[in-house]
Amino acid sequence: MIDERGAPLWASLVGKTEEARTPSAPWYKKEFGRWKALSWPLPICDEVPWEERPYVALDVETTGLNAELEKIVEIALVRFFFDKEGALSEEDRFSTLINPGVAIPAQASRIHGITEADVANAPLFGDITQKISDICDGRVIVGHNVLFDIGFLEKEFERAQMATDFQECADTFGMAKLAFPSMPSYNLGKLAFSIGLQSDARHRALGDALTCMRLFAASLRILTEKC
């Protein structure tokens, strides 16, 4: 759920501060249990070659903004890599509705279109934690305002009493700001359209994850030219 700035669309509806809405960096690593912003262009220029690394695009739809109080109602994960010629290659995808075990506010349903009836027979998050962990294992997690999505993911794992090993994530919002400066909008779908990318972004998890994957590849190719 992304607004014009690329932040969660919820933010504009509930009066979040600009600082809370805006990501501070395009890339993060876990350090002492907290996500640390990395100095650019360290992640792609000074370490393991970007084209040799495995990735997974993440998007979640939720009942609200606060991961401490709200729940995930849909998740999508798209694993991808770059072949020997540097071409983007999708490996596989996983997407499912999730029964949050709580009411879905009308405000949330108006944004992503997911209702309580839709999730009534969906799995609980605890039923799919191992699958999610296996999909993400050893990969850079990619998202548009990624700390929002991964924050919800980590909180759901905590509730399920399952440890996580997420160590590195890339934020396509921050990357796009560097690769495509002065764009009129960093909304995921609008930005994809502006730069000529195929877009499936419709405030649903799988479409947003697929679009995020393509934006990551487009941004990365421009940014690596500056190494």
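Bear in mind that the values in this text are calculations on the coordinates, not laboratory data. Quick caveat, the model's predicted, so the values are computed rather than measured. Every residue, glycine as well, gets a Cβ built from its backbone with ideal geometry; the counts of neighbours run over all protein chains shown.
By the helix-only formula, in which each DSSP H run with n ≥ 4 contributes -39500 (n - 2.57) and the sum is divided by residues, the chain has a 222 nm mean residue ellipticity of -9500 deg cm²/dmol.
Cysteine residues of the chain whose Cβ has no partner cysteine Cβ closer than 4.7 Å: CYS136, CYS169, CYS212. Once C-alpha pairs closer than 8 Å and six or more residues apart are averaged by separation and normalised to the residue number of region 84-148, the relative contact order reads 32 percent. Using only side-chain charges placed at the Cβ, +1 for Lys and Arg and -1 for Asp and Glu, the dipole size of the chain relative to its Cα centre rounds to 500 debye.
Note on SER219, SER95, SER182: ascending count of other Cβ atoms within 10 Å places them as SER182, SER95, SER219, the fewest first. Beta bridges from DSSP with both residues in region 65-212: antiparallel share about 70 percent, rounded to the nearest 5.
As a ratio to 2.2 N^0.38 Å, the alpha-carbon radius of gyration computed for the chain takes the value 0.96. Ranked by the mean number of other Cβ atoms within 10 Å of their residues, highest first, the peptides 184-196, 78-90, 164-176, 53-65 fall in the order 53-65, 164-176, 184-196, 78-90.
Relative to the longest principal axis of the Cα atoms of the chain, the long axis of helix 205-224 lies at roughly 20 degrees.
Summarising the label geometry, the points placed 7 Å from Cα in the beta-carbon direction at ALA106 and LEU178 lie 4.4 nm from one another. Computed from Cα positions, the angle between helix 146-159 and the longest principal axis of the chain comes to roughly 40 degrees. Of all lysines in the structure, those lying under 23 Å Cα to Cα from LYS131, and not within fewer than 8 positions of it along the same chain, are LYS29, LYS30, LYS71, LYS155. Amide H contacts for TRP27 (H built 1.01 Å from N in the peptide plane; partners 5 or more residues away or on another chain; cut-off under 5 Å): LEU38, ASP171.
Close amide H pairs (under 5 Å, H built 1.01 Å from N) link ASN145 with THR172, PHE173, GLY174, residues at least 5 positions away or on another chain.
Mean sequence separation of contacting Cα pairs (under 8 Å, at least six apart), scaled by the length of the chain, corresponds to a relative contact order of 25 percent.
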